[in-house]
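Input: a single structure, listed below in structure tokens.
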Amino acid sequence: MFELLPHLLHQAVFGALAAAGFGVLFNFGFRALPWCAAAGALALAVRTIGQDLAWSLEGASFAAAIVTSCSVSALRKQLGPACNAVALAGCIPMVPGAFFGQALLGFLSVTAPNLVDAEATLIVAVQSLLRVIFTLGAIGAGLLIPAHLLRNQDF
Amino acid sequence: MEQQQDPVIVRHRELERIANMALRAGRIMMECGASVSVVHGGVTMIARGFGVEDVGMRSGYASLEITVHAGGNTITRMMQVGRLGVNHRLDQAVRKLAVRVSHGGMSVDEVEGEIGRLVRETPRHPAWVVALAVGIACASFGRLLGIDWLAFGAVLVAGTVGQYVRHQLLHHGMNVFIVAGLIAFLAATLGGIGSILLKSDTVSLAMMASILLLVPGVPSTNAQTDIMDGYPTMGSARAVWVLMIMVFASVGVWFAETLLGLRSL
């Protein structure tokens with residue numbers, strides 16, 4: 001367990017930095033940015049633990065989004081209606097943008113002339129695209145289900 | 001003269017002002033990244049704060065429509081919506097205003113003035129701060145994807161430059177999809193060249209990490225939220241928009257990889 005700690009810490013720190021960086025892009029105020037960072041660290045920590053337990057990326061992302069959404073909902077007295085947005089910012093580092101790019105680049109490769117291994121290229125591209133769809137679905141559902149069940153206020 | 005004193009026309013004009021002001025608030029929320037249900041909720045709260053009895057709304061990707069009914073009079077108005085982005089502070093400020101208006105006691109002029117003040121005065125981070133933050137975010141994304149430390153600095157610089165140029169191009173009104181393609185090419189090329197010069201072993205990953213500033217995370221989750229909330233048309237429109245952005249971004253990366261000799265055309 002302890003040998004996993006440096007990796008877990010690494011993922012949490014860079015999850016926090018990515019979430020806070022995108023928080024600035026989304027024009028969160030300086031008071032909300034530490035909450036975005038904390039949500040990002042929590043999300044990445046839970047996802048990393050899930051993946052270390054041999055869960056799929058989709059399953060681990062779903063668990064991470066659920067935990068992040070519930071944790072932020074518990075802080076709704078402090079955060080107010082912004083709690084849903086903070087949870088979303090925290091989950092942004094889990095959005096599989098790189099897989100999306102790989103999938104589309106793979107599809108572009110399939111149409112190239114003199115392609116050597118078309119089947120393998122196509123399968124990798126389809127796998128990446130499916131992973132994107134399922135992971136995005138997992139993150140969205142993980143964020144929305146607790147927010148609806150716990151009746152988080154939008155206003 | 002007689003027409004101006006006709007109580008039906010006077011009431012219609014009052015309703016029109018309420019409808020247009022509520023639509024303006026809704027448009028700002030939509031442009032700031034709110035989901036359709038939040039926009040509808042906010043607009044309805046504002047309209048009801050002025051005594052409107054029934055509110056009906058329809059949201060498209062580029063327009064909002066409202067029908068308001070009060071005192072036996074009904075009108076329908078439509079307003080165009082601009083480019084959809086994310087502005088958390090302005091979004092939250094307009095939501096707070098909607099709550100205040102729903103309690104009653106404000107005039108249409110006061111609310112219009114307050115909306116104008118929020119648009120003018122809600123603070124934004126300076127462009128260079130946003131660029132640097134996005135650069136750090138891209139480099140952090142890169143570490144999560146598995147880039148080595150040698151590529152970290154290259155991705156940070158590529159993401160920072162990419163975001164700054166993107167801000168300038170969008171500010172000058174360039175098409176958002178063309179901007180996505182251009183910035184993907186620029187950021188991936190910078191990230192790739194930097195990684196090669198620094199002898200990184202993860203050049204391809206670094207190029208991909210450099211363009212992650214373009215990944216539309218909020219619109220993609222909003223698409224799902226809208227569909228789950230019962231607005232599949234808007235959700236589908238957002239999903240298509242996300243797909244188009246990623247297609248343009250991928251083509252930009254494709255050209256960058258070709259330029260650096262990592263891929264043949």
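What size of dipole, in debye to the nearest 20, comes out for the protein assembly as shown about its Cα centre when the only charges are +1 on Lys and Arg C-beta atoms and -1 on Asp and Glu C-beta atoms?
Details: 27 positive and 25 negative charges, 129 e Å.
The dipole of the protein assembly as shown has a size of about 620 debye.
Let's see if you can work this out: charge +1 on each Lys and Arg Cβ, -1 on each Asp and Glu Cβ, no other charges. What is the dipole magnitude of the stretch B:2-121 about its Cα centre, in debye to the nearest 20?
On the way: 15 positive and 14 negative charges, 98 e Å.
Taking the Cα centre of the stretch B:2-121 as origin, the dipole is about 460 debye.
Output ³J(HN,Hα) for the stretch B:183-190: one whole-Hz value per residue in order, computed from phi by the Karplus curve 6.51 cos²θ - 1.76 cosθ + 1.60 with θ = phi - 60°, and x for Gly and Pro.
Each residue of the stretch B:183-190 in turn: 5, 4, 4, 4, 5, 5, 5, 4 Hz.
Sum up the charges of everything whose Cβ sits under 10 Å from the Cβ of A:Pro96, counting Lys and Arg as +1 and Asp and Glu as -1, but leave A:Pro96 out.
On the way: positive: A:Arg131; negative: A:Glu58.
Taking every Cβ under 10 Å from that of A:Pro96, the sum is 0.
Given +1 on the Cβ of Lys and Arg, -1 on the Cβ of Asp and Glu, and no further charges, what dipole in debye does the stretch B:127-259 carry about its Cα centre, rounded to the nearest 20?
Numbers: 4 positive and 5 negative charges, 36 e Å.
Roughly 180 debye, rounded to the nearest 20.
As I understand it, the dipole of the stretch B:2-121 uses +1 on the Cβ of Lys and Arg and -1 on the Cβ of Asp and Glu, about the Cα centre. Which of B:His103, B:Leu90, B:Met21 lies farthest toward its positive end?
B:Leu90
Using only DSSP helix segments of four residues or longer, with each worth -39500 (n - 2.57), what per-residue ellipticity at 222 nm results for the protein assembly as shown after dividing by its residue count and rounding to 500?
About -24000 deg cm²/dmol.
Determine ³J(HN,Hα), in whole Hz, for all residues of the stretch B:88-100 in sequence, where each value follows from phi through the Karplus function 6.51 cos²θ - 1.76 cosθ + 1.60 and θ = phi - 60°; x replaces Gly and Pro.
So the Karplus estimates, Gly and Pro as x, are 4, 5, 5, 4, 5, 5, 5, 4, 5, 5, 4, 5, 4 Hz.
What list of ³J(HN,Hα) values in whole Hz, one per residue of the stretch B:64-74 in order, does the Karplus curve 6.51 cos²θ - 1.76 cosθ + 1.60 (θ = phi - 60°) give from phi, with Gly and Pro shown as x?
The phi angles translate into 10, 10, 9, 10, 10, 10, 7, x, x, 10, 9 Hz.
Just want to confirm a number: the relative contact order over the stretch B:127-259, from Cα pairs under 8 angstrom separated by 6+ residues, in percent.
Computed value for the stretch B:127-259: 29 percent relative contact order.
As a footprinting exposure proxy, order B:Met57, B:Met234 by other Cβ within 10 Å, with the fewest listed first. Kindly include the intermediate steps, with their values, before the conclusion.
Working: B:Met57 19, B:Met234 24.
With the fewest neighbours first, B:Met57, B:Met234 line up as B:Met57, B:Met234.
Put +1 on the Cβ of every Lys and Arg and -1 on every Asp and Glu Cβ in the stretch B:125-265; which of B:Leu145, B:Leu205, B:Trp241 then has its Cα farthest towards the positive end of the dipole?
Selected residue: B:Leu205.
Relative contact order for the stretch B:2-121: what percent, with Cα pairs under 8 Å and sequence separation of 6 or more? Present the calculation step by step, with values, prior to reporting the outcome.
Numbers: 174 pairs, mean separation 35.9, N = 120.
Averaging sequence separation for qualifying contacts and normalising by length gives 30 percent for the stretch B:2-121.
Using the number of other C-beta atoms within 10 angstrom as an exposure proxy, rank B:Asp91, B:Asp148 with the fewest first.
With the sparsest Cβ surroundings first, the list reads B:Asp148, B:Asp91.
Give me the percent relative contact order of chain B, please, defined on Cα pairs under 8 angstrom at least 6 residues apart. Could the numbers behind the result be given before it?
Values: 426 pairs, mean separation 43.2, N = 265.
Taking the mean separation of contacting Cα pairs over the length of chain B, I get 16 percent.
Which order results if A:Lys77, B:Lys199 are arranged by neighbouring Cβ count within 10 Å, fewest first?
Details: A:Lys77 7, B:Lys199 10.
Ranking A:Lys77, B:Lys199 by Cβ neighbours within 10 Å, fewest first, gives A:Lys77, B:Lys199.
Output the peptides B:254-264, B:45-55, B:132-142, B:171-181 sorted from most to least packed, where packing is the average of other Cβ atoms within 10 Å over each peptide's residues. Walk me through the intermediate numbers first.
Working: B:254-264: 16.5, B:45-55: 19.8, B:132-142: 26.6, B:171-181: 14.5.
Packing proxy ranking, top to bottom: B:132-142, B:45-55, B:254-264, B:171-181.
So what are the three principal axis dimensions of chain A from its Cα atoms, in whole Å, longest to shortest?
Rounded to whole Å, the extents work out to 60, 40, 29 Å.
Taking amide H atoms as placed 1.01 Å from N in the peptide plane, list the residues 5 or more away in sequence, or in a different chain, whose amide H sits under 5 Å from that of B:Ser63.
Sorted by chain and number, the residues that satisfy this are B:Val81.
Read-outs throughout are calculated quantities, based only on the coordinates presented, and are distinct from any laboratory measurement. Here the structure is a predicted model, which means the values were calculated and not measured. All Cβ positions, even for glycine, are placed from backbone atoms using ideal geometry, and neighbour counts span all protein chains on display.
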